[in-house]
Amino acid sequence: MNKHRPRIVDLSEVEPNTRRGGDLRALLTPATVGSTSGFMGVAIVQPGDRIAEHYHPYSEEFVYALCGQLEVDLDGEPHSLQPEQGLMIPAHMRHRFRNVGNVEARIVFHLGPLAPSPPLGHVDTEETDAAPVPTEAAPAGVGRVSAGPQVGS
């Protein structure tokens, strides 16, 4: 029996995570609601912005586009992601989201299962504009393990 009670988490309760580009907010997590099988959040991406390429070694990522015009690169291959479309990204697949439209884009993401510990859940394969960009993108399976929480996209 789950010892945690259902809890509604408002977007305004979660601090923005912008270190990988975009505004990522993990709303329903082990820390916020006691989830044990995965976590869910929202990514807000402004026109021209992106969420840097990364992959999840333990988790599949489920994405649903709410609004805006996004391109998602899956192992380097671009795909259009329109509002009211969903996407499942397998574990280990490199992915990057880019807002190619003129309005804010929003996606809901869910990752599961959880990694053995949060730092193992996300591997960056490129830097964001806030840090130096490497001269070559890392190949699949090579990258820097994030020290931050498992945040999707």
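The values are calculated or read from the model by the stated rules, or taken from the named source; none is laboratory data. None of these values were measured; they are calculated from a predicted model. With ideal geometry, Cβ positions are generated from the backbone for all residues, glycine too; neighbour counts draw on all protein chains shown. These area figures cover heavy atoms from the full protein model, side chains too; ligands, DNA and RNA do not enter into them. Shrake-Rupley method; radii C 1.70, N 1.55, O 1.52, S 1.80 Å.
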Karplus ³J(HN,Hα) for the range 68-84 (6.51 cos²θ - 1.76 cosθ + 1.60, θ = phi - 60°; Hz, whole; x = Gly/Pro) runs x, 10, 10, 10, 10, 8, 10, 6, x, 9, x, 9, 6, 10, 9, x, 6
Rounded to whole Å², per residue accessible area for the range 1-134 with a 1.4 Å probe reads 52
Compute the orientation-averaged projected area for the range 1-120 from the convex hull of its Cα atoms and round it to one decimal in nm². 7.6
State, as an integer percentage, the relative contact order of the range 1-72 based on alpha-carbon contacts under 8 Å between residues 6 or more apart. 24
Express in whole angstrom the spacing between the alpha-carbon centres of the range 82-124 and the range 32-66. 4
Taking square-rooted eigenvalues a ≥ b ≥ c of the alpha carbon gyration tensor, is the range 70-126 rounded, prolate or oblate, where a/c under 1.5 means rounded and, failing that, a/b exceeding b/c means prolate? prolate
Counting only protein heavy atoms, what percent of the accessible surface of the range 1-101 is carbon or sulfur at a 1.4 Å probe? 52
Ranking request for peptides 113-123, 47-57, 81-91: highest mean number of other beta-carbon atoms within 10 Å first, then the rest in descending order. 47-57, 113-123, 81-91
